[in-house]
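Report on the structure given below.
Laboratory data are not the source of any read-out in this text; all were calculated from the coordinates shown. Keep in mind it's a predicted model, so treat the numbers as computed, not measured. Cβ placement follows ideal geometry from the backbone for every residue including glycine, while neighbour counts extend to all protein chains displayed.
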Amino acid sequence: MKFYSYESVGNKFLLLEINSLKTILNNPADLFSGLKANIQTQVIKNGCDGLLALVQQKTILVFNADGSYGQFSVNGARCAAYHVLRGSEKKRISFFVGDVLVEALRAEKAGAVTIRLCQNATVEPLVLSSVKGFFVDVGNPHFVVLQKIDKKAFLQQALILAQGNEETGGAINVSYFWLKDDGAGYKGIVYERGVGPTLSCGSAALALVNVLLKTGRLNLGDQISIYMPGGVMMGLVLDERCIEITAHVSCGNLIL
């Protein structure tokens with residue numbers, strides 16, 4: 001079994017190519033169950049955040065480090081797109097990440113990939129365990145809080161908030177974002193369900209852009225820098241539905 005390793009903005013993934021389907025894609029757990037022990041061993045051994053199953057270069061299924069189905073990942077989509085594009089002359093490709101259709105484009109900067117999503121993301125105010133924030137669904141659920149917080153306090157809060165409630169449909173990704181002191185972009189910290197604290201989260205960056213757009217902090221055509229411990233992503237608002245998130249991808253080794 002061949003695994004490829006990729007990293008984008010501090011998020012590390014193993015990628016497994018699947019060229020034929022013996023299971024139904026609407027029940028991805030079936031695809032994962034027979035490989036679970038081997039995959040979890042590889043994910044843990046290689047210090048990765050999860051696994052990307054690239055099915056016939058048309059669909060990406062995302063699995064978290066704990067073996068749970070991750071639904072959606074912008075950084076994962078970027079890594080899988082890089083895997084396909086680097087061996088081709090194509091400048092863009094489209095594929096599904098779970099149920100979400102995304103378009104990936106080669107960015108002008110070498111090694112960078114832009115993920116473009118056009119969707120009607122859900123953005124609703126939400127109070128979770130007395131914390132005011134926003135529930136955002138961009139293909140996976142997020143609780144976004146626009147407030148500065150230190151790492152110790154964040155980890156204490158996130159353990160509680162990530163459990164979610166009936167309104168969130170259960171476990172949820174948690175992120176805190178705040179405007180940088182110089183006003184040039186936002187800084188953030190993320191706790192991903194099924195993983196824990198991570199160096200970055202592309203779908204959290206996407207969720208942030210949707211919140212800023214919904215609350216009037218961003219306008220159509222605006223570009224924003226989003227800083228996380230693993231690096232920086234660039235967000236661009238194309239229109240009310242379409243947002244681009246761009247970042248660098250690095251290729252690791254082929255793991256047998």
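For Lys180, what is the net charge nearby, where nearby means another residue's Cβ is under 15 Å from its Cβ and Lys, Arg count +1, Asp, Glu -1? Mind showing how you got there, number by number?
Values: positive: Lys148, Lys187, Arg217; negative: Asp181, Asp182.
The answer is +1.
Modelling each spin label as a point 7 Å along the Cα-to-Cβ direction, I'd like the Gln57/Gln147 distance in nm, to one decimal.
The modelled label-to-label distance comes out at 4.7 nm.
Relative to the first principal axis of the alpha-carbon coordinates of the chain, what is the inclination of helix 202-214, with its axis defined by its Cα atoms, in degrees from 0 to 90 and to the nearest 10?
30 degrees
For the Cα atoms of the chain, what angle does the longest principal axis make with the long axis of helix 36-45, in degrees from 0 to 90, nearest 10?
Between the helix axis and the principal axis of the chain, the angle is about 60 degrees.
Need one number: nm distance between label points at Cys242 and Asp182, each 7 Å from Cα along Cα→Cβ, rounded to one decimal.
Modelled inter-label distance: 3.1 nm.
For the chain, give me every cysteine whose Cβ has no other Cys Cβ within less than 4.7 Å, ordered by residue number.
Cys48, Cys79, Cys201, Cys251
Please report the net charge: other residues with Cβ closer than 12 Å to the Cβ of Val136, K and R +1, D and E -1. Could the numbers behind the result be given before it?
Numbers: positive: Lys214; negative: Glu124, Asp137.
With Lys, Arg at +1 and Asp, Glu at -1, the net is -1.
For Glu124 and Leu220, FRET efficiency with R0 = 30 Å and r from the beta-carbon atoms, rounded to 0.05?
Step by step, r from the Cβ atoms, then E = 0.90.
At 25 °C and a viscosity of 0.890 mPa s, what translational diffusion coefficient does Stokes-Einstein give for the range 122-246, taking Rh as the Kirkwood radius over Cα pairs? Give it in µm²/s as a whole number.
171 µm²/s
Beta carbons within 10 angstrom, averaged per residue: use that to sort the peptides 89-95, 144-150, 243-249, 73-79, highest first.
By packing density, highest mean first, the sequence is 73-79, 243-249, 144-150, 89-95.
Which FRET efficiency value, to the nearest 0.05, is calculated for Asn253 and Leu159 with the Förster distance at 25 angstrom and r the Cβ-Cβ distance? Write down the numbers at each step before the final one.
Numbers: r = 34 Å, r/R0 = 1.34.
The computed FRET efficiency comes out at 0.15.
On C-alpha positions alone, give me the angle between the axis of helix 151-161 and the longest principal axis of the chain, in degrees, nearest 10.
80 degrees
Given all pairs of different Cα atoms, what value in angstroms does the Kirkwood hydrodynamic radius of the range 82-131 take?
Working: mean 1/r = 0.0749 Å⁻¹.
With all distinct Cα pairs of the range 82-131 included, I get 13.4 Å.
Whole-Hz ³J(HN,Hα) for each residue in the range 4-16, computed from phi via Karplus 6.51 cos²θ - 1.76 cosθ + 1.60 with θ = phi - 60°, x for glycine and proline: what do you get?
10, 9, 9, 9, 9, 6, x, 7, 10, 9, 9, 10, 10
Assuming 0.36 nm per residue, please report the length gained on full extension of the stretch Lys2 to Glu89 beyond their Cα-Cα distance.
Full extension from Lys2 to Glu89 adds 29.0 nm.
Using the Karplus equation 6.51 cos²θ - 1.76 cosθ + 1.60 (θ = phi - 60°), what ³J(HN,Hα) coupling, rounded to whole Hz, does each residue of the range 180-186 give in order, writing x for Gly and Pro?
4, 4, 8, x, 9, x, 10
Note down the net charge around Tyr227, summing +1 for each Lys or Arg and -1 for each Asp or Glu among other residues with Cβ under 9 Å from its Cβ.
Computed value for this residue: +2.
In terms of modelled amide H atoms, which long-range or inter-chain residues lie less than 5 Å from the amide H of Thr59?
Phe96
Starting from 0 in steps of 5 Å, tell me what percent of the Cα-Cα pairs of the chain lands in each bin.
1, 6, 14, 19, 20, 18, 12, 7, 3, 1, 0
Only helical DSSP H runs with n ≥ 4 go in: add -39500 (n - 2.57) per run for the chain, normalise by residue count and round the 222 nm mean residue ellipticity to 500 deg cm²/dmol.
Values: 5 runs with 52 residues, N = 256.
Theoretical 222 nm ellipticity from helices: -6000 deg cm²/dmol.
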